[in-house]
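Student: Provided herewith is a single structure, encoded as structure tokens, for subsequent inquiry.
The values are calculated or read from the model by the stated rules, or taken from the named source; none is laboratory data. Here the structure is a predicted model, which is why all the values come from computation and not from measurement. A quick note on method: Cβ atoms are made from the backbone with ideal geometry, for glycine too, and the neighbour counts reach across all protein chains shown. Surface accessibility is based on the protein's heavy atoms, side chains included, excluding ligands, DNA and RNA. Shrake-Rupley method; radii C 1.70, N 1.55, O 1.52, S 1.80 Å.
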Amino acid sequence: MRARYGVPLGIMAAGAAGVAYAAGFEARSFRLRRVTVPVLPPGMRPLRVLQVSDIHMVAGQRKKQRWLQSLAGLRPDFVINTGDNLSDPEGVPEVLDALGPLMEFPGAYVFGSNDYYGPKPRNPARYLLERTSGRHGLNGNPPVVGAIHNPWEELRDGFDAAGWQNLTNTRGVLKVEGVSIELTGLDDPHIKRDRYARVAGGPSGTYDFSMGVVHAPYLRVLDSFTADDYPLILAGHTHGGQLCIPFYGALVTNCDLDTDRVKGLSTHTAEGRTSYLHVSAGCGTNRYTPIRFACPPEATLLTLVGRE
């Protein structure tokens, strides 16, 4: 009996231990990524940008709230929120409380699909099927029926009241100690709310620095920002793959971006131009799959410095 059932039982035990680690420890093992990006005009003073993304707040997540509040101690020059703040219709007050100290700094935001719609239970294998078929979100899939609507208007009003710039298919400007930063943002491409034609044309040339902001890094959006000569693009959405294989990496990105660029700093080239791209792995998960493996939750402090 021991010889016959020892291996299956061992596999089951190892699997249970892996799930316990992924849900009980790693999903709450918050990290700060630090990145230096040479994108500013030569001679311009460095800028410190804190990017938070994919919080997916569920009521009662106290550790996540305290960690987000603690990020204010970094004293960034400004904050960029790249969306998917919610995973619970009741989570708006806790998001605003968690980000309250950060809203003392200049900032801007875009929304993701989970800010608008509540999540549903989903077979994780569907992400692999979508990768092979090239169909993600509403891009090529039928419209969502019977979706739960999150109170995104309350979230928007809270951010706006704090003075953060709403970059929903529009442009905004932040001024930080005499430096002007032009921000061009899009609504979420994952659910086909992006309208690049409204903001096309590239940096205006009247500000010290310009950058693009979007939730989901779909290639059509990255191509547009890059072709318009934005030196830096910030995005989230991918969760860094969320469930990764050690020494291999992510299996999926939940969009048409390749897995080599699922998180962190990389570059994107279109029409002979190249932009830096930073994709945040985010600090949360869908409430129905509250696990991470080989991909801890994160925020990123980007130090922008002068080009060589």
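Student: Can you give the % of DSSP beta bridges in the chain that are antiparallel, to the nearest 5?
Tutor: 45
Student: Among 142, 231, 38, determine the one that fluctuates most according to a GNM of the chain built with springs between C-alpha atoms less than 10 Å apart.
Tutor: It is 142.
Student: Next question, about the same structure. Only helices at least 15 Å long along their own axis, judged from Cα atoms, and with Kyte-Doolittle mean hydropathy of -1.0 or greater: name those in the chain from DSSP H.
Tutor: Span-like helices here: 2-24.
Student: Would you mind telling me the share, in percent, of accessible area of the chain contributed by carbon and sulfur at probe 1.4 angstrom?
Tutor: 55
Student: Could you pull out every residue, at least 5 positions away or on a different chain, whose amide H is within less than 5 Å of the one on residue 78? Hs are placed 1.01 Å off N in the peptide plane, and Pro or chain starts have none.
Tutor: 48, 50
Student: May I pose another question? Based on DSSP, what percent of beta bridges with both residues in region 110-231 are antiparallel, to the nearest 5?
Tutor: 65
Student: Using only alpha carbon pairs under 8 Å that are at least six residues apart, calculate the relative contact order of region 206-249 and give it in whole percent.
Tutor: 44
Student: Using a simple charge model, +1 on the beta-carbon of Lys and Arg, -1 on the beta-carbon of Asp and Glu, nothing else, what dipole does region 63-154 show about its Cα centre, in debye to the nearest 20?
Tutor: Rounded to the nearest 20 debye, it is 580 debye.
Student: Then there is this: Regarding region 85-150, what whole-number volume in Å³ per residue does the convex hull of its Cα atoms give?
Tutor: Convex hull of Cα atoms, per residue: 120 Å³.
Student: Spelling out what I want: for every residue of region 270-275, take phi, set θ = phi - 60°, compute 6.51 cos²θ - 1.76 cosθ + 1.60 (Karplus), and round to whole Hz; glycine and proline get x.
Tutor: Couplings: 8, 6, x, 10, 10, 10 Hz.
Student: What's log10 of I(q)/I(0) for the chain at q = 0.16 Å⁻¹, Debye sum over Cα points only, no solvent?
Tutor: One equal scatterer on each Cα of the chain leads to -1.37.
Student: Oh, and also: Over the chain, what is the relative contact order in percent, taking alpha-carbon pairs closer than 8 angstrom and at least six residues apart?
Tutor: Averaging sequence separation for qualifying contacts and normalising by length gives 27 percent for the chain.
Student: Here's a follow-up. Using amide H atoms built 1.01 Å from N in the peptide plane, name the residues 5+ places from residue 31, or on other chains, whose amide H lies under 5 Å from its own.
Tutor: Those qualifying (amide H under 5 Å, at least 5 residues apart or on another chain) are 298, 299.
Student: Still on this structure: Solvent-accessible area per residue for region 146-293 at a 1.4 Å probe radius, Å²?
Tutor: 41
Student: On to the next question. I need the phi-derived Karplus couplings for region 33-38: 6.51 cos²θ - 1.76 cosθ + 1.60, θ = phi - 60°, integer Hz, Gly and Pro marked x.
Tutor: Going residue by residue, I get 8, 10, 9, 10, 10, x Hz, with x marking Gly and Pro.
Student: Still on this structure, I have one more. Count of lysine pairs in the chain with Cα atoms under 30 Å apart, counting only pairs 8 or more residues apart in sequence or on different chains?
Tutor: Counting lysine pairs in the chain gives 10.
Student: Let me ask something additional. Where does the charge balance sit around residue 66 when Lys and Arg score +1, Asp and Glu -1, over other residues with C-beta under 13 Å from its C-beta?
Tutor: Neighbourhood net charge equals +2.
Student: Which one, 235, 294, 197, has the greatest fluctuation when you compute a Gaussian network model over the chain with C-alpha springs under 10 angstrom?
Tutor: Highest fluctuation of the listed residues: 197.
Student: In percent, how large is the relative contact order of region 48-200, given Cα pairs closer than 8 Å and 6 or more residues apart?
Tutor: Relative contact order here is 22 percent.
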